[in-house]
Amino acid sequence: MKTRLRYFVALPLVVLFGLSACKQNKYPKASDETIAEGKKLAELHCQSCHMFPEPNWVDAKTWDQGVLPAMGPRLGIFSYKGKHYPAEKYNLSLPPGFYPSKPVMTEVQWQTIIDYYTSLASEKNEIKQVRTYPIKNELSLFTALTPNIKQGAPSTSFVKIDSASKANPFIISDVVKHQIYRYNSQLQPTDSFTTWGPIVNLEMKQNEWFLCDIGILNPNNDKLGSGKKVSIGKDEKFIQKSEQSVIRLLQRPVQLTTADLNKDGKDDIIACEFGYLTGALSWLENKGGGKYDKHVLRPLPGAIKAYVEDYNHDGLPDIWVLFAQGDEGVYLYTNKGDGKFEEQRVLRFPSINGSSYFEMVDMNQDGFKDIIYTCGDNADFSTVLKPYHGVYIYLNDGKNNFTKKYFYPLNGCYKAIARDFDNDGDLDIATISYFADYQDQPEEGFVYLQNNGNFDFKPFSLPITQQGRWLTMDAGDYDHDGKIDLILGNFSVAPSFIKSKIDWKKGPTFMVLKNTGIR
């Protein structure tokens with residue numbers, strides 16, 4: 001039941017699952033026998049690919065009109081009762097046999113699955129967020145700064161604070177204009193260059209940038225993405241007349257990371273090819289002379305974020321990856337040497353979660369890195385507010401067994417960064433939401449979770465942050481005053497299923513939140 005078909009890049013459960021499954025709704029109540037058979041069929045056909053989807057994850061209408069029609073083609077069912085299901089049946093970019101050549105079940109069995117979900121789900125999305133503290137719409141720790149220059153409707157796909165640069169600490173990528181800009185500390189543009197395609201991420205190494213070109217931003221199965229290099233001069237001016245392509249034929253890559261994985265002295269590449277219906281996590285072995293051999297670690301779409309770290313201290317770089325589509329979860333690839341990796345799934349999430357980001361930081365200061373995880377991507381077939389969207393903390397027991405310790409509900413949460421923003425010795429969390437409840441809770445767009453100890457976090461926001469729809473965020477000390485600042489990127493051109501009272505297209509391209517706290 002893979003429903004997450006994301007349209008753009010870089011977003012307590014017990015309350016949800018405690019909902020009575022027998023609530024009456026406008027959909028006919030199926031018999032107990034039908035419900036039992038529907039569950040059996042759903043477990044057989046859905047659980048083989050991802051976590052079993054419980055009926056109370058979304059409302060009955062969303063199951064009937066969104067999620068199940070998206071699932072049908074995976075079972076060879078392309079239409080039912082006169083309704084055509086969304087599919088890419090004639091897409092030549094898909095591998096042969098991607099869809100079953102004939103239905104794997106009868107229409108009676110398919111209706112039984114429909115009856116199971118619509119009978120047990122609530123009529124409306126009635127489950128609400130449960131918060132210990134409401135968001136306080138004031139925050140003295142940060143002062144918001146915006147650039148004076150306007151460049152049309154903001155379509156910022158990537159922002160970065162380059163703390164090593166005193167002249168140009170801010171880097172902005174505009175995915176529609178195919179432009180990368182640099183701004184100085186006064187938020188004035190200093191230089192820019194045009195890229196061949198839309199850049200959604202970049203890696204900086206000395207005087208060279210490695211750009212991740214997604215190819216085409218909207219969903220597609222083509223291999224149009226690439227990795228490119230750009231040189232930076234000693235005076236921090238771009239020396240760029242044409243991009244140097246390093247790798248091509250990637251399927252909607254969202255992150256490219258370099259590391260010497262096989263210890264041969266040459267940087268290899270880890271590619272998160274998020275893809276669409278197909279994709280992969282791969283490492284590309286540097287053979288020298290500009291040639292790479294591709295090794296697929298997981299031949300499935302959804303890889304969205306990777307970290308390289310020698311977690312077991314054996315001298316070999318290992319890889320941690322978040323998969324954000326279908327079988328969502330965090331995976332560890334332990335480097336066994338000779339180009340071999342051993343896969344371990346350390347966390348698994350529901351396929352409807354909308355996983356969006358994760359970080360690895362030591363939240364409880366026990367010497368082991370924990371996981372900060374966010375879910376909230378609603379660019380799929382279940383565009384309803386979900387009370388399980390938000391920020392999670394999973395603690396590491398030292399053996400890579402992770403247990404949920406904290407959850408803060410936040411509709412449409414897209415990213416969270418844990419840093420000691422207030423310089424009190426513990427880690428606070430800054431987070432953004434791209435699919436917030438803009439009608440009733442517009443303050444969800446940016447939330448600062450202040451750590452008060454013992455996993456007690458107080459939420460704050462700034463009213464001015466409601467001027468933009470924040471897709472991306474970064475943290476760093478741009479003015480070298482010893483305090484961690486933030487930058488938010490406004491991606492205003494995508495649709496939202498909840499209308500905002502503010503026109504984000506008139507908002508700033510980016511916003512800097514200058515840390516004005518005590519050092």
Looking at segment 388-397, is at least one residue open to solvent by 10 Å² or more (accessible area, probe 1.4 Å), modelled with pLDDT under 95 and more than 14 Å from the chain's Cα centre (by Cα)?
no
Quick one: count up the residues across segment 106-128 that are in a loop (DSSP other than H, G, I, E, B) and surrounded by fewer than 16 Cβ atoms within 10 Å (Cβ to Cβ).
5
Subset tally (residues that are at pLDDT 95 or above and not in a strand (DSSP E or B)) for segment 287-301
3
Give all pairs with beta carbons closer than 8 Å in which a residue from segment 67-89 that is surrounded by fewer than 20 Cβ atoms within 10 Å (Cβ to Cβ) meets a residue that is assigned to a strand (DSSP E or B); count only pairs at least 6 apart in sequence or on separate chains.
78/84; 85/79
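Filter segment 356-382 down to the residues that are more than 16 Å from the chain's Cα centre (by Cα), of a type in the set (S, T, N, Q) and either under 23 Å from residue 434 (Cβ atoms) or crowded, with 21+ Cβ neighbours inside 10 Å (or both) and list them by number.
In the first step, residues of segment 356-382 are kept if they are more than 16 Å from the chain's Cα centre (by Cα); the result is 361-370, 381-382.
When the remaining residues are screened for being of a type in the set (S, T, N, Q), the result is 364-365, 382.
If the condition is that a residue be more than 16 Å from the chain's Cα centre (by Cα), of a type in the set (S, T, N, Q) and either under 23 Å from residue 434 (Cβ atoms) or crowded, with 21+ Cβ neighbours inside 10 Å (or both), then 382 is the only one that fits.
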Search result, residues across segment 415-444 that are open to solvent by 10 Å² or more (accessible area, probe 1.4 Å) and not in a loop (DSSP other than H, G, I, E, B):
415, 419, 442, 443
Right, residue 324: closer than 28 Å to residue 443 by Cβ and either in contact with a Leu (Cβ under 6 Å, 6 or more places away or on another chain) or modelled with pLDDT of 95 or more (or both) or not?
yes
Which one of the conditions (1) assigned to a strand (DSSP E or B); (2) at pLDDT below 95; (3) small (Gly, Ala, Ser) does residue 382 fail to meet, given that it meets all the rest?
(1)
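Of these, 106, 62, 156, 143, which one is under 24 Å from the mean Cα position of the chain (by Cα) and modelled with pLDDT of 95 or more?
On the way: 106 fails: under 24 Å from the mean Cα position of the chain (by Cα); 62 fails: modelled with pLDDT of 95 or more; 143 fails: under 24 Å from the mean Cα position of the chain (by Cα).
One residue alone meets the criteria, 156.
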Mind checking which pairs have a first residue in segment 491-519 that is at pLDDT below 95 and of a type in the set (Phe, Trp, Tyr) and a second that is assigned to a loop (DSSP other than H, G, I, E, B) and open to solvent by less than 20 Å² (accessible area, probe 1.4 Å), Cβ under 8 Å, 6 or more apart or different chains?
497/378; 497/435
Of all residues being part of a loop (DSSP other than H, G, I, E, B) and out of contact with any Ser or Thr (no Cβ under 8 Å at 6 or more places or on another chain) in segment 326-355, which is surrounded by the most Cβ atoms within 10 Å (Cβ to Cβ)? Just the residue, please.
354
If you check every pair at least six apart or on different chains, which have Cβ atoms under 6 Å apart with a residue in segment 414-432 that is more than 11 Å from residue 374 (Cα to Cα) first and a residue that is open to solvent by less than 10 Å² (accessible area, probe 1.4 Å) and hydroxyl-bearing (Ser, Thr, Tyr) second?
430/448
Does at least one position in segment 466-484 carry a residue that is over 21 Å from residue 185 (Cβ atoms), in a loop (DSSP other than H, G, I, E, B) and open to solvent by less than 10 Å² (accessible area, probe 1.4 Å)?
yes
Going through segment 196-233 in order, the residues found to be open to solvent by 10 Å² or more (accessible area, probe 1.4 Å), part of a loop (DSSP other than H, G, I, E, B) and among the β-branched types (Val, Ile, Thr) are 216
Taking only pairs six or more apart or across chains, which ones have beta-carbon atoms under 6 Å, a first residue in segment 232-257 that is on the phi < 0 side of the Ramachandran plot and among the small types (Gly, Ala, Ser), and a second residue that is assigned to a strand (DSSP E or B) and modelled with pLDDT of 95 or more?
245/226
Residue 93 is checked against (1) within 30 Å of residue 255 (Cβ to Cβ); (2) open to solvent by less than 20 Å² (accessible area, probe 1.4 Å) and fails just one. What number does that condition carry?
(2)
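The values are calculated or read from the model by the stated rules, or taken from the named source; none is laboratory data. No experiment lies behind these values; they were computed from the predicted model shown. Methodologically, a virtual Cβ is constructed for each residue, glycine included, from the backbone with ideal geometry; neighbour enumeration extends over all protein chains shown. When the accessible area is computed, the model is the full protein with side chains, heavy atoms only, and any ligands, DNA or RNA have been set aside. Shrake-Rupley method; radii C 1.70, N 1.55, O 1.52, S 1.80 Å.
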